[in-house]
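Student: Below is the structure I would like to discuss, written out as structure tokens.
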Amino acid sequence: MKDIIIGIAIGDAFGAGVEFQDRNWIRENVDFTKFVSARNQIPVREEKKEVFTKNYNDWDYTDDTEMTIGMMKALISQKPFTEDLLVKSWKEEYKKGEAEKGYGRNGHGSMSWYYSGEKTIDEIRDFQRNRNNPGNAPAMRVVPLGLISENVINEYASINAKATHPNINAIISSQIIARATEYIIKKNGDRNSVIAYCKDTVDLNKEYEEYLNQVDLLGDYDDLKDDDFAILCGSQPIEAPYFLPGIKGVPSDSKYTTGCVLYVLKNSISAMDALQKSIRLGGDVDSVASITTGIMAGLCGLDSLPKFMLDKVEGINYLIEVAEEFEKRIK
């Protein structure tokens, strides 16, 4: 768990520096020898840029890692695993960061309305319930559930999604990422078969099944062409209402985030390889990178990651502390 959560934080933090940049820009400007901060270059109207730059510092992890920690603490508590327990745990972790930093962590989407008191949690759920492109929060925070008892993974992953995103594609995404974690880390499964395993263990709807079938047929990462990226990430450049329209990359959407995660896992050999392949997709890369880097770190360890990443990522001692408590209590 220590390697996993550190990998998640590194993928998240490094990805946050270049998220919502075009795939071609990233491939020209990011060589992974140093941190690249381009949040003030995100192509949105000037008055919208504050959402991405206010209270942000290089190497800060975002809501991806924060909510994963909240998930871990909910499991550590050994209280009945419910939607309310998760929401309480996420809010406590958000408020902890707010008290320590003097401001709330960057990156929260609809949950920022709940933390600020602007909307109730039921209003957040209603907002996400019937969206065609539900946000990727349920997928980005679910990795720890791949390490619990196999017979409750799908149930707990469903609760994780329903806590904020009671949407069928968000639920499926949460279950798939948890099962991919279980398959790769606990079962040490053949990564070429990770999509097949997820299809066997998660009840997919027709849309999701057809999408994963197409993703599974894609060739080697370095051979991907424009048509392949359109399969993996949806229409390229991204089209509204998917975010961020106009750039080439992964949109903020649970299904496409999950498909990209599975494809990267299938084609990676280490945590660093997964990080690089995730970032080079462009778009909403911090969520993809946090999941894939965390899972591959859990499988292969952290040795492939450069020392500067381990030295610079936020809160590494705190991450280790939470992970050690998780390891004591979760068998």
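The values are calculated or read from the model by the stated rules, or taken from the named source; none is laboratory data. Here the structure is a predicted model, which means the values were calculated and not measured. Neighbour counts are summed over all protein chains in view; Cβ atoms, including those assigned to glycine, are modelled from backbone coordinates with ideal geometry. Ligands, DNA and RNA are excluded from the accessible area calculation, which covers all protein heavy atoms including side chains. Shrake-Rupley method; radii C 1.70, N 1.55, O 1.52, S 1.80 Å.
Student: Exactly one of these conditions fails for Asn188: (1) modelled with pLDDT of 95 or more; (2) crowded, with 23+ Cβ neighbours inside 10 Å. Give me its number.
Tutor: (2)
Student: Among the candidates Pro251, Pro241, single out the residue that is over 19 Å from the mean Cα position of the chain (by Cα) and either of a type in the set (A, V, I, L, M, F, W, C) or over 18 Å from Asp3 (Cβ atoms) (or both).
Tutor: Pro241
Student: Right, here's the next one. Being among the basic types (Lys, Arg) and within 19 Å of Val143 (Cα to Cα) is the filter; apply it to region 239-276 and report the residue that is surrounded by the fewest Cβ atoms within 10 Å (Cβ to Cβ).
Tutor: Lys266
Student: Name the pairs whose Cβ atoms lie under 9 Å apart, with the first residue in region 31-42 and under 16 Å from Leu310 (Cα atoms), the second basic (Lys, Arg) and surrounded by 14 or more Cβ atoms within 10 Å (Cβ to Cβ), and 6 or more positions between them or separate chains?
Tutor: Filtered contacts from region 31-42: Phe35/Lys312.
Student: Related question: Can you pull out every residue in region 196-213 that is in a helix (DSSP H, G or I) and surrounded by 16 or more Cβ atoms within 10 Å (Cβ to Cβ)?
Tutor: Tyr197, Cys198, Lys199, Thr201, Tyr208, Tyr211, Leu212
Student: Can you pull out every residue in region 110-120 that is surrounded by fewer than 19 Cβ atoms within 10 Å (Cβ to Cβ) and under 17 Å from Met71 (Cβ atoms)?
Tutor: Residue satisfying the conditions is Tyr115 alone.
Student: Out of the residues in region 121-151 meeting the condition of being without any contact (Cβ under 8 Å) to a residue 24 or more places away in the chain and more than 13 Å from Met111 (Cα to Cα), tell me which one is most open to solvent (accessible area, probe 1.4 Å).
Tutor: Going through the qualifying residues, I end up with Asn151.
Student: All but one of (1) among the hydroxyl-bearing types (Ser, Thr, Tyr); (2) open to solvent by 30 Å² or more (accessible area, probe 1.4 Å); (3) touching a Gly at 6+ places or on another chain (Cβ under 8 Å) hold for Ser193, so report the exception by its number.
Tutor: The single condition Ser193 does not satisfy is (3).
Yes/no per residue for (1) open to solvent by 10 Å² or more (accessible area, probe 1.4 Å); (2) in contact with an Asp or Glu (Cβ under 8 Å, 6 or more places away or on another chain):
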residue: Gly219; (1), (2): yes, yes
residue: Asp223; (1), (2): yes, no
residue: Asp227; (1), (2): yes, no
residue: Ser290; (1), (2): no, yes
residue: Gly301; (1), (2): yes, yes
residue: Phe308; (1), (2): yes, no
residue: Tyr318; (1), (2): yes, no
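Student: Before we move on, is Asn167 open to solvent by less than 10 Å² (accessible area, probe 1.4 Å) and either under 30 Å from Cys300 (Cα atoms) or β-branched (Val, Ile, Thr) (or both)?
Tutor: It is false that Asn167 is open to solvent by less than 10 Å² (accessible area, probe 1.4 Å) and either under 30 Å from Cys300 (Cα atoms) or β-branched (Val, Ile, Thr) (or both).
Student: Which members of region 232-285 meet the condition of being hydrophobic (A, V, I, L, M, F, W, C) and under 22 Å from Glu207 (Cβ atoms)? Reasoning before the result, please.
Tutor: Taking region 232-285 first, the residues hydrophobic (A, V, I, L, M, F, W, C) are 232-233, 238, 240, 243-244, 247, 250, 260-262, 264-265, 269, 271-272, 274-275, 279, 281, 285.
Leu232, Cys233, Ile238, Ala240, Phe243, Val250, Cys260, Val261, Leu262, Val264, Leu265, Leu281, listed by residue number.
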